[in-house]
Structure formats: structure tokens, C-alpha cells
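Everything on this sheet refers to the single structure shown next.
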Amino acid sequence: MSLNFSISQEKQLDEIVKKLIKSISAHQIFFFEGEVGSGKTTLIRYLLEGIAKLEKKKLFFQGSPTYQREHIYNFKKYDVVHFDFYQVDNSSIDIDEYLLNNCIFIEWPLEALKTKYFDEALFIKIDLKNKIREIKIQSRNNKWLQKIN
């Protein structure tokens, strides 16, 4: 099952975030896929800002952790760990420890992680075509999509 969105302006991400924010909690993993410049990091920023807004908290967005590997954002109910594996070539990376009490956002997920968490994860694929972003959200876990819909 999947949800599809087409957006032409960044501010349209607000509607997608309103849907996704309902499903975010600890022990969840989001995989963000798309070409460089497709909007993965921007969508993550919007999601983090949405969580911060719900908690009436100011967010200092640190950008994509391409060179640091991860950024951790502290919230009341759970933390969000934002990974970027763009330049990582190690299929033995284990994120189980991070999933214990956190929500995980991963840009450029490694194939080994996608395989391991295939049944649990929410996959968000962004394709940029002629200034239109096609965003496809899918998961084998129907609970995710029921919360979002």
C-alpha cells in the first residue's frame, strides 16, 4: 500500500507533514530516498519542525549529517536520530541500539538496512521531474499508512 503526492512548491510539504506527524514515535524508522537535490533533507527539516511545534519547542536544524553521519534531536517523548549514509560504504552498520528509544530518519539508506527493516520501515521516495516533486510513501506495515491516511 502506498500514498502518492505531487508538489510544486516547498510550502506544500506542510500537508504531507501533517499526515506523517501522526505516525511518528519512538522505535520507528523512516527511509528517505531520492537523487541529490530532490528534497529529502528539506522534508526531514519540515518533519522535525512539526514535532518541535507540537512540543512548543524551538528547533535548531543542523542540516544533513553527511559528514558527521548523524544528528540527534531531543524531544520530550522520544529523540529523533537523523542519519545520512550518502558517503558510507559499509553494509555492517547496525542501528538497533538507536531504535530502542528513538525515531530514526535515514537519508541514503544502505541496502542491508532496507532489507533488515523492510517489514517495519516507512519508505519515502522523492522524484524530481520538471520542477514537480513526486513523493511516494509506502510500507508493508499497514498500521503506518492507516495512521497517515
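Kindly rank 12-24, 68-80 from highest to lowest mean number of other beta carbons found within 10 Å of each residue.
In decreasing order of mean packing, 12-24, 68-80 become 12-24, 68-80.
Report ³J(HN,Hα) in whole Hz for each residue of the range 98-114, in order, from the Karplus equation J = 6.51 cos²θ - 1.76 cosθ + 1.60 where θ = phi - 60°; Gly and Pro get x.
My calculation for the range 98-114 gives 5, 6, 3, 10, 10, 9, 10, 10, 10, 8, 6, x, 6, 4, 4, 6, 4 Hz in order.
I'd like the antiparallel share, as a percent to the nearest 5, of DSSP beta bridges with both residues in the range 2-148.
If I count the DSSP bridges inside the range 2-148, around 55 percent turn out antiparallel.
How large is the charge dipole for the chain, taken about the Cα centre, if only the Cβ atoms of Lys, Arg (+1) and Asp, Glu (-1) carry charge, to the nearest 20 debye? Please list the in-between numbers first.
Numbers: 23 positive and 20 negative charges, 169 e Å.
Using Cβ point charges on Lys, Arg, Asp and Glu, the chain gives about 820 debye.
Among Ile148, Pro65, His27, which residue has its Cα furthest toward the positive end of the charge dipole of the chain, with +1 on Lys/Arg Cβ and -1 on Asp/Glu Cβ?
Checking the options against the dipole of the chain, the answer is Ile148.
Roughly what would the spin-label model give for Glu10 and Ala26, points 7 Å off Cα along C-beta, in nm?
The answer from the label model is 3.3 nm.
Subtract the Cα-Cα distance of Val36 and Val88 from 0.36 nm times their separation in residues, and report this length gain in nm to one decimal.
17.2 nm
Dimensions of the range 2-148 along principal axes (Cα, Å, largest first)?
37, 34, 32
P(r) for the range 51-119: what percent of alpha-carbon pairs falls in each 5 Å bin, starting at zero?
Histogram of Cα-Cα distances, whole percents per bin: 3, 15, 25, 25, 17, 9, 5, 1.
Apply the Karplus curve 6.51 cos²θ - 1.76 cosθ + 1.60, θ = phi - 60°, to the phi angles in the range 48-60 and return the couplings in whole Hz, x for Gly and Pro.
In residue order, the calculated couplings are 5, 5, x, 5, 4, 4, 4, 8, 6, 10, 7, 10, 9 Hz.
Determine the alpha carbon to alpha carbon distance for each of Lys76/Lys147; Lys77/Lys131; Lys58/Lys114; Lys57/Lys136; Lys11/Lys114; Lys22/Lys131 and list only those over 25 Å.
Check vs 25 Å cut-off fails for Lys77/Lys131; Lys58/Lys114; Lys57/Lys136; Lys11/Lys114; Lys22/Lys131.
Excluding Phe61 itself, what net charge comes from residues whose Cβ is under 9 Å from its Cβ, given Lys and Arg +1 and Asp and Glu -1?
Numbers: positive: Arg45; negative: Glu49.
After counting each charged neighbour, the total is 0.
Bear in mind that the values in this text are calculations on the coordinates, not laboratory data. Computed from a predicted structure; not experimentally measured. Note: ideal-geometry Cβ built from the backbone for every residue, glycine included; neighbour counts use all protein chains shown.
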